[in-house]
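As structure tokens, the structure follows; a few thoughts come after it.
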Amino acid sequence: MKHDVVDARISPAGHLAVLSKTEVNKLLDTSQGGLYRLLHNCSLAVLNCGNYMDDGKELLERYKSFEIRVIQEERGIKLEVKGAPATAFVDGHMIKGIKEHLFAVLRDIIYVSDEINDNPKFDLQSSEGVTNSVFHILRNANILKAGKLPQLVVCWGGHSISREEYDYSKVVGYQMGLRGLDICTGCGPGAMKGPMKGATIGHAKQRIGTGHYIGITEPGIIAAEAPNPIVNDLVIMPDIEKRLEAFVRAGHGIVVFPGGVGTAEEILYLLGILLHPDNKDIPFPLIFTGPANTEEYFKQINRFIGETLGLAAQQRYKIIIDDPARVARDMKEGMQRVREFRQQREDAYYFNWGLKISPEFQQPFTPTHQSMAALKLHKDQESHRLAANLRRVFSGIVAGNVKDDGIRAIEQHGHFEIKGDAEIMGPVDELLSAFVNQQRMKLPGKTYKPCYRIVK
């Protein structure tokens, strides 16, 4: 099938418009060297905004002729794209929001390479060093707003959801927008787009012209979850672990909509952190919600958490079914508790420095057949460590489902084998089977081929 493409040169916006000759030369060297594939793949994903797909391998094969390069000019730089998806353009001009996202890709990739990875002041093997790097990446992207009261709600949920679930997420976003709350999501479609879309209407009705719609992604997932057009601040973290840490450090509360393995990964990540003894007194409003027909879905999620992590984990969240206004009110009240707590501790509003995040939640996990088979999935360990390993299970399945490298690994070596005690693997198998039956693994219309095999 032929897909229309466009060639173009684009001028930068923001601080990339003013660069020294030294900075331009460094940018040219970096973009044409080891980072080119990263720049290429993330840029193509951004340009593919609005197209219905969730397969990184399929995207790269559809636009095999796509190229991007940095062009040096007297006044600075431009980006040249060849073979870019035509849907990113209107009457020959790139859509402004997509253009901003394209330069956000360049900004973050170059900054992480030059200022984080190659900088000895960031010890990425230490917990403090990882958190410091997350802070600096967010600050460089202008995500952190000093002096702003706690009002940023992170919304998690699936990219493959029903129309009813999507419409419900919009109404929740609308109710939160009416109450002046900002939205942060994984920036893709489905439950990541719905709350933002609803909040824009709520903000407009309240004449709030400064609505903040933050999208946080990472290179492996961006092709499957291209930034939706409402995102007005995009940031690309180096890996999934730093992406997840950015959500919980920058956000003041989290709403979880129905989703699949990616959503389960996010839930396990946050609960694993909240279960750490050092975090037991830190207020962190967490609400699971969906329309009336998702009641059984959340009962199963709640049952899975109880069977694996126990009652202490279940007590860290609230389940609200089919009541968007209550979700928004409870989240607004939760923000007040966060504000009072941070005031008492003299902590920053814009970054949750006080949250203890253990190294097992911070060090990048590369899902290979060997690493997936070696995960320790038994109850003879602290609950937050079990949560970390369960999080890795779902992270690996996400990779096998939608990430280019993961899909190719499955094609080459077969299924990931997930091994563990029956009392853990039983609930895991039950939950994954439900996601498959409910078509939460892939977009509607696509036949799901499992990338994993449960071994009890």
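Pairwise Cα separations in the stretch 285-390 fall into 10 Å bins from 0 onward with the following percentages, short to long: 12, 29, 34, 22, 3. Cross-linked pairs Lys99/Lys197; Lys170/Lys299; Lys170/Lys193; Lys280/Lys356: Cα-Cα separations exceed 18 Å for Lys99/Lys197; Lys170/Lys299. Across the stretch 299-456, the volume of the C-alpha convex hull divided among the residues equals 160 Å³ per residue. For the stretch 214-300, the Kirkwood radius over C-alpha pairs fed into Stokes-Einstein at 4 °C and 1.567 mPa s yields D = 89 µm² per second. Ranking of Phe298, Phe89 by solvent-accessible surface, largest first: Phe89, Phe298 (1.4 Å probe, protein heavy atoms only, all chains present). Computed extension gain for Asp347 through Glu295, at 0.36 nm per residue and net of the alpha carbon distance, reaches 15.0 nm.
Apolar share of the accessible surface for the chain: 48 percent from carbon plus sulfur atoms, 1.4 Å probe. The fraction of all Cα pairs in the stretch 301-349 landing in successive 5 Å bins from 0 to the largest distance is 5, 17, 16, 14, 19, 18, 9, 2, given as whole percents.
Surface calculation, 1.4 Å probe, protein heavy atoms: Thr447 sits at approximately 120 Å² accessible. At q = 0.08 Å⁻¹, what log₁₀ I(q)/I(0) does a Debye calculation on the Cα points of the chain give, no solvent, two decimals? For the chain at q = 0.08 Å⁻¹, log10 I(q)/I(0) is -0.44. Among beta bridges identified by DSSP and lying wholly in the chain, the antiparallel ones come to about 35 percent. Computed extension gain for Ile71 through His93, at 0.36 nm per residue and net of the alpha carbon distance, reaches 6.1 nm.
By a 1.4 Å probe calculation restricted to protein chains, Trp353 has an accessible surface near 110 Å², given to the nearest 10. Given their separation in residues at 0.36 nm each and the Cα-Cα distance between them, Asp281 and Asn132 gain 51.4 nm when the chain is fully extended. Label-to-label distance for Asn117 and Val436 is 3.6 nm, based on points extended 7 Å past Cα in the beta-carbon direction. Seen from Ala348, the other residues with C-beta closer than 15 Å to its C-beta sum to a net charge of +4, counting Lys and Arg as +1 and Asp and Glu as -1.
Near Pro229: Cβ cut-off under 12 Å, other residues only, Lys/Arg at +1 and Asp/Glu at -1. The net charge is +3.
The values are calculated or read from the model by the stated rules, or taken from the named source; none is laboratory data. Only a predicted model underlies this, so the values are computations on that prediction, with no experimental measurement involved. Because the Cβ atoms are built from the backbone with ideal geometry, glycine has one as well, and the counts that use them run over all protein chains shown. The accessibility values were calculated without ligands, DNA or RNA, using every heavy atom of the protein model including side chains. Shrake-Rupley method; radii C 1.70, N 1.55, O 1.52, S 1.80 Å.
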